[in-house]
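Q: Right, I'll just put the structure down here and ask away after.
The values are calculated or read from the model by the stated rules, or taken from the named source; none is laboratory data. Worth saying up front: this structure is predicted, and the values here are computed from it rather than measured. Quick reminder, even Gly has a Cβ in these numbers, built from the backbone with ideal geometry, and neighbours come from all protein chains shown. Accessible surface areas use protein heavy atoms only, side chains included; no ligands, DNA or RNA. Shrake-Rupley method; radii C 1.70, N 1.55, O 1.52, S 1.80 Å.
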Amino acid sequence: LPALRDTTTPVIRALADRLQSTIMLFVSEGDEAVAIAMAEPRTASHHLAFRPGMRTAVTRGAAGYALLASGPPAPDEPEAVVVARERGYARSHAEIEAGQYAVAAGIPMGSDTARACLTLITYREDIADAAGPEIRRDAEKIGRALRRQD
């Protein structure tokens, strides 16, 4: 997904610095969310870090919830997916890593098969509390840029 990575890289770098948190780009692959890119903040003395290639189940954590929410509703989906679809972003706490807060928003890809999301990962609750709308705006911005490239 080189176009997705290229379009996303400057956005996630700026977002990581603005929100003083690690920002990751996840894509869906079967029943997993797979991290394919990451930006660490240059503006924070401490932050959480993960490596690209990290995999989590789509039924746990903000990234998985955001990926599921960007698809059609399913009868057995977690309540967090329903909430994410309503507000435009997902949120989780300590579902993947103890003490970790995550906020994620699906990138509107214009395709039913490809799903991607921006995910903020932090240990700071105050940042997670405020980040949802900003993550959603940047995810939408990436989606618009991708559609212009088509």
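Q: Among the residues of region 1-45, write down those that are of a type in the set (G, A, S) and assigned to a loop (DSSP other than H, G, I, E, B). First the steps, then the outcome.
A: From region 1-45, those of a type in the set (G, A, S) are 3, 14, 16, 21, 28, 30, 33, 35, 37, 39, 44-45; that's our starting set.
Within region 1-45, S21, G30, A44, S45 meet the criteria.
Q: G88 is checked against (1) out of contact with any Phe, Trp or Tyr (no Cβ under 8 Å at 6 or more places or on another chain); (2) modelled with pLDDT under 95 and fails just one. What number does that condition carry?
A: The one condition G88 does not meet is (2).
Q: Hey, another quick one. Which one of these is hydrophobic (A, V, I, L, M, F, W, C), closer than 19 Å to R18 by Cβ and modelled with pLDDT under 90: A44, A62, A39? Don't jump to the end; show me each part of the working.
A: Values: A62 fails: modelled with pLDDT under 90; A39 fails: modelled with pLDDT under 90.
Only one candidate passes the filter, namely A44.
Q: Further question: Any idea how many residues of region 1-30 are closer than 22 Å to Q100 by Cα and surrounded by fewer than 18 Cβ atoms within 10 Å (Cβ to Cβ)?
A: Residues flagged as closer than 22 Å to Q100 by Cα and surrounded by fewer than 18 Cβ atoms within 10 Å (Cβ to Cβ) within region 1-30 amount to 5.
Q: Six or more apart or on different chains, Cβ under 7 Å: which pairs go from a residue in region 136-148 that's in contact (Cβ under 8 Å) with a residue 12 or more places away in the chain to one that's open to solvent by 70 Å² or more (accessible area, probe 1.4 Å)? Could you list them?
A: That search, which allows pairs on different chains as well, returns R147/G110.
Q: For region 59-69, enumerate the residues that are under 19 Å from G110 (Cα atoms) and within 11 Å of the chain's Cα centre (by Cα). Can you show your working first?
A: At the first step, the residues of region 59-69 found to be under 19 Å from G110 (Cα atoms) are 63-69.
Selection gives A63, G64, Y65, A66, L67.
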